[in-house]
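Asker: Let me give you the structure first, and then I'll get to my questions.
Where a number appears in this text, it was derived from the coordinates with a stated rule and is not lab data. Every value quoted in this text rests on a predicted model; they were computed, and no experiment measured them. Every residue, glycine as well, gets a Cβ built from its backbone with ideal geometry; the counts of neighbours run over all protein chains shown.
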Amino acid sequence: MAPTLLPDADLFKNNLDTLVVGRELQVFDAVNSTNDLAKDYLRKDQGTEGLVIIADSQTAGRGRLGRSWFSLPGLGVYLSIIFKPPGPPERFPLLTLMACVATLEAINEISPLKGTLKWPNDIYLGGKKLCGLLGEFHPPNEGSGGVIVGIGINANQNASHFPEELAPIATSLFIENKVSVDRTTLILSVLTHLDHEYEGFLLGNDAALLKKWTENTDMFGKEITLNRGSEQFQGTALRLDPLGRLVMRSHEGQELVFESGEITHIRH
Ligand code: BTN
């Protein structure tokens, strides 16, 4: 797919009918990282609830665990949203799960092949990673507090756009469906679903969120390997607990609960 341009912020705003998400919206040709820009705004007390930052490309896109996020211009979706949820910070990880569900809903709307969720923050299509989310909590002691959720979706890349090390594990909507994606339509849909799911989050509909998450993963009941720092755990993935943590049964029959970690292997 040849690169395309993104429209300006007014086009997005004029086509959004949301309560919170996108109340303020900015579009950039290139930034270092949309999450970093959102963090700068919060530091300067300029980051409002629902602010969306969209970039056509990132020069220092970041992933989880200190990894980088490959962000060529004209092909992918790179955006961040600032949320300022009330309530206890223990619930904040649910925001990232909420954003995963919303993003998956938007992807499934336009993709004939359906995506699946992988804990904590990934969306897979055809067995490869299509999308990653990065949730970051900014404490209120520096500027104003908030939760930043960054979303990266591989939309129109073909296999040759990915660096060699990513080619075996990454995919795009174009690669899987052989049809190019209108990034503007996809972004508008992501923001609309996010707004809807955030309403549920604010109302405390956590059980409904966890149910949707669970219905869209194929990892439960499977043997998994999970890395947390330098430790490695193996067992059966059982469920998410009410705070969105992963519950696993070890080979010794013990139930282990993980707040963070990376699943490196799922035996299908
Ligand atoms: C991951 O899979 O490790 C998370 C990837 C998150 C990438 C997105 S792209 C938009 C936002 N800005 C960033 O620097 N990262 C997130």
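Asker: Given 4 °C and 1.567 mPa s, compute D for segment 124-268 with the Stokes-Einstein relation, Rh being the Kirkwood radius over Cα pairs; round to the nearest whole µm²/s. Spell out each step's value before the answer.
Answerer: Details: Rh = 17.8 Å.
The Stokes-Einstein estimate is 73 µm²/s.
Asker: Right, another one. For segment 235-268, list residues with backbone N below 16 Å from a point placed 7 Å from the Cα of Arg91 toward its Cβ?
Answerer: Counting only backbone N, you get 242-245.
Asker: Scan segment 90-175 for GluC sites (Glu not before Pro) in coil per DSSP, keeping those whose Cβ has at most 12 other Cβ atoms within 10 Å, and list them by number.
Answerer: Glu142, Glu164, Glu165
Asker: What is segment 1-114's relative contact order, in percent, from Cα pairs under 8 angstrom and six or more apart in sequence?
Answerer: The value is 24 percent.
Asker: Next up: With an 8 Å cut-off on Cα pairs and a minimum separation of 6 or more residues, tell me the relative contact order of the chain in percent.
Answerer: Taking the mean separation of contacting Cα pairs over the length of the chain, I get 17 percent.
Asker: What is the ratio of the Cα radius of gyration of segment 103-171 to 2.2 N^0.38 Å, where N is its residue count, to two decimals?
Answerer: Relative to the 2.2 N^0.38 Å estimate, segment 103-171 comes out at 1.35.
Asker: Can you work out the Karplus-derived ³J(HN,Hα) for every residue in segment 73-82? Use 6.51 cos²θ - 1.76 cosθ + 1.60 with θ = phi - 60°, whole Hz, and x for glycine or proline.
Answerer: x, x, 10, x, 10, 9, 8, 9, 10, 9
Asker: Would you mind checking Lys39/Lys129; Lys39/Lys178; Lys129/Lys212; Lys13/Lys114 for any pair whose Cα atoms are more than 30 angstrom apart?
Answerer: Over 30 Å Cα-Cα: Lys39/Lys178.
Asker: Compute log10 of I(q)/I(0) for segment 183-268 with the Debye formula, placing one identical point scatterer on every Cα and leaving out solvent, at q = 0.10, 0.21, 0.24 Å⁻¹, to two decimals.
Answerer: Calculated log10 I(q)/I(0) at the listed q: -0.34, -0.98, -1.11.
Asker: In Å and on Cα atoms, what radius of gyration and Dmax does segment 190-234 show?
Answerer: Answer for segment 190-234, Rg first and Dmax second: 15.1, 39 Å.
Asker: What number do you get for the chain when its Cα radius of gyration is normalised by 2.2 N^0.38 Å, N = residues?
Answerer: With N residues counted in the chain, Rg over 2.2 N^0.38 Å equals 0.97.
Asker: Working from the pairwise distances between different alpha carbons, so that the mean of 1/r is found and then inverted, what is segment 225-268's Kirkwood radius in Å?
Answerer: On the way: mean 1/r = 0.0945 Å⁻¹.
Here the Kirkwood hydrodynamic radius works out to 10.6 Å.
Asker: Provide Rg and Dmax in Å for segment 134-197, with only Cα atoms included in the calculation.
Answerer: 16.0, 48
Asker: What fraction of the DSSP beta bridges in segment 1-93 is antiparallel, stated in percent and rounded to the nearest 5?
Answerer: 45 percent
Asker: Then there's this: Please compute the modelled spin-label separation between Asp40 and His251, points set 7 Å along Cα→Cβ, answer in nm with one decimal.
Answerer: Those two pseudo-labels are separated by 5.0 nm.
Asker: Starting from the eigenvalues of the Cα gyration tensor, five times each then square-rooted, give me the equivalent ellipsoid semi-axes of segment 4-131, largest first, whole Å.
Answerer: Square roots of five times the eigenvalues give 22, 19, 17 Å.
Asker: Calculate the spin-label point distance for Lys114 paired with Ser180, positioning each point 7 Å from the Cα along the beta-carbon direction, and give it in nanometres.
Answerer: 2.9 nm
Asker: A further question follows. If I model a spin label at Glu199 and Lys129 as a point 7 Å from the Cα along the Cα→Cβ vector, what separation in nanometres do I get?
Answerer: 3.3 nm
Asker: From the alpha carbon gyration tensor of segment 55-194, can you work out the equivalent ellipsoid semi-axes (sqrt of 5 times each eigenvalue) and give them in Å, largest to smallest? Walk me through the numbers on the way to the answer.
Answerer: On the way: eigenvalues 133, 52, 37 Å².
After scaling each eigenvalue by five and taking roots: 26, 16, 14 Å.
Asker: Sort all Cα-Cα distances of segment 35-76 into consecutive 10 angstrom bins from zero, then give the percent of pairs in each bin up to the one containing the longest distance.
Answerer: 26, 45, 29, 0
Asker: For segment 168-263, state which GluC sites (Glu not before Pro) are in a DSSP loop and have at most 15 other beta carbons lying within 10 Å of their beta carbon.
Answerer: Passing sites in segment 168-263 are Glu252, Glu259.
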